[in-house]
1. Collect the residues in segment 138-171 that are assigned to a helix (DSSP H, G or I) and among the small types (Gly, Ala, Ser), keeping them in residue-number order.
2. Do we find that ILE31 is aliphatic (A, V, I, L, M), touching a residue at least 40 places away in the same chain (Cβ under 8 Å) and open to solvent by 50 Å² or more (accessible area, probe 1.4 Å) in this structure?
3. Given the options LEU111, LEU136, LEU169, LEU208, name the one that is under 22 Å from ASP63 (Cα atoms) and at pLDDT 95 or above.
4. Only one of THR74, THR46 is free of Cβ contacts under 8 Å to residues at least 24 places away in the same chain, farther than 23 Å from THR118 by Cα and not acidic (Asp, Glu). Can you tell me which?
5. Quick check: anything in segment 56-70 within 16 Å of HIS205 (Cα to Cα), in contact with a strand residue (DSSP E or B) (Cβ under 8 Å, 6 or more places away or on another chain) and either open to solvent by 10 Å² or more (accessible area, probe 1.4 Å) or of a type outside the set (S, T, N, Q) (or both)?
6. Within the bounds of segment 77-86, is there any residue that is touching a Lys or Arg at 6+ places or on another chain (Cβ under 7 Å), at pLDDT 90 or above and within 25 Å of ALA207 (Cα to Cα)?
7. State all residues of segment 84-95 that are open to solvent by less than 40 Å² (accessible area, probe 1.4 Å) and assigned to a loop (DSSP other than H, G, I, E, B); if no residue qualifies, say none.
8. Among residues belonging to segment 122-158 that are free of Cβ contacts under 8 Å to residues at least 12 places away in the same chain and within 21 Å of ARG213 (Cα to Cα), point out the one that is farthest from the chain's Cα centre (by Cα).
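The values are calculated or read from the model by the stated rules, or taken from the named source; none is laboratory data. Please read these numbers as outputs of a predicted model, since none were measured by experiment. Don't worry about glycine lacking a Cβ; one is built from the backbone with ideal geometry, like all the others, and counts go over all protein chains shown. The area values use the complete protein model at the heavy-atom level, side chains included, leaving out ligands, DNA and RNA. Shrake-Rupley method; radii C 1.70, N 1.55, O 1.52, S 1.80 Å.
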Amino acid sequence: MTSIAIVGAGPQLGLAVARAFGSHGFDVALISRNPEKLDGLVGTLTAEGISAAAFPADVLDRDALTQALNDTVTRFGRIDVLEYSPADAPDAVITTPTETEPSDVQQQIELQLYGAITATKAVLPAMRAAGTGTLLFTTGARSLNPQPPTANRDAAALRNWAINLHKELDGTGIQAAHIGIDATIGTPTFYGQPRVMADEISPVHWALHTTQRDQPEQIFRA
């Protein structure tokens, strides 16, 4: 069997990616900090005939994240695809460039970049041994088009790291790619991004895993 681990799984993009891969026979591991929400997602996917399991972990807790991924391997045998897209906490600080303190940026670096590095280190050795695998890192428009009202939430560091990872892994059979979503899932933002539905985006993830394995990045624009 093949499996996908979705880090930062939620009821929008995480669920859509789970359906995109689960409908092709993938076992689905859902990882996020909210056990109750995860149980609801597992119930939804199971009702649709998709094999899914929840592995609660906070991305900011690196040991817990690593353990959740190890537990996924124990449950499903291996991880063929890692999809990383954690959301900001509801109470996360938002600052403009002149308001930003180093601590405001540190929280985002921990969430976006350090979490991605931790997850990758947990799954990459087995992928190298198998000579195949897919690592997908999803960010919003802030990694592509920074906006002053959300300066400390810039995810460009993760984008650059993911593209460099793609270059380093070239020729190994392992695909690494960044997906940039230049739109808002659900409702428009205060700076006028268009609205899209999550199931419009998830085919990008599937294509990078299947037919676009030479691509380091895909940008989704509504």
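1. Of segment 138-171, the ones assigned to a helix (DSSP H, G or I) are 141-143, 148-153, 156-169.
Within segment 138-171, ALA141, SER143, ALA151, ALA156, ALA157, ALA162 qualify.
2. Details: aliphatic (A, V, I, L, M): yes; touching a residue at least 40 places away in the same chain (Cβ under 8 Å): yes; open to solvent by 50 Å² or more (accessible area, probe 1.4 Å): no.
In short, no.
3. Just one listed residue meets the conditions, LEU136.
4. Details: THR74 fails: farther than 23 Å from THR118 by Cα.
After ruling out the rest, the residue left standing is THR46.
5. First, the residues of segment 56-70 that are within 16 Å of HIS205 (Cα to Cα): none.
Scanning segment 56-70 turns up no residue that is within 16 Å of HIS205 (Cα to Cα), in contact with a strand residue (DSSP E or B) (Cβ under 8 Å, 6 or more places away or on another chain) and either open to solvent by 10 Å² or more (accessible area, probe 1.4 Å) or of a type outside the set (S, T, N, Q) (or both).
6. Looking only at segment 77-86, we keep the residues that are touching a Lys or Arg at 6+ places or on another chain (Cβ under 7 Å), and these are none.
No: segment 77-86 contains no residue that is touching a Lys or Arg at 6+ places or on another chain (Cβ under 7 Å), at pLDDT 90 or above and within 25 Å of ALA207 (Cα to Cα).
7. Here is the first cut: in segment 84-95, the ones open to solvent by less than 40 Å² (accessible area, probe 1.4 Å) are 84-86, 88-89, 92, 95.
Answer for segment 84-95, where residues must be open to solvent by less than 40 Å² (accessible area, probe 1.4 Å) and assigned to a loop (DSSP other than H, G, I, E, B): SER85, PRO86, ASP88, ALA89, ALA92, THR95.
8. From segment 122-158, those free of Cβ contacts under 8 Å to residues at least 12 places away in the same chain are 125, 129, 146; that's our starting set.
Still in the running and within 21 Å of ARG213 (Cα to Cα): 125, 129.
Values: PRO125: 19, ALA129: 23 Å.
That would be ALA129.
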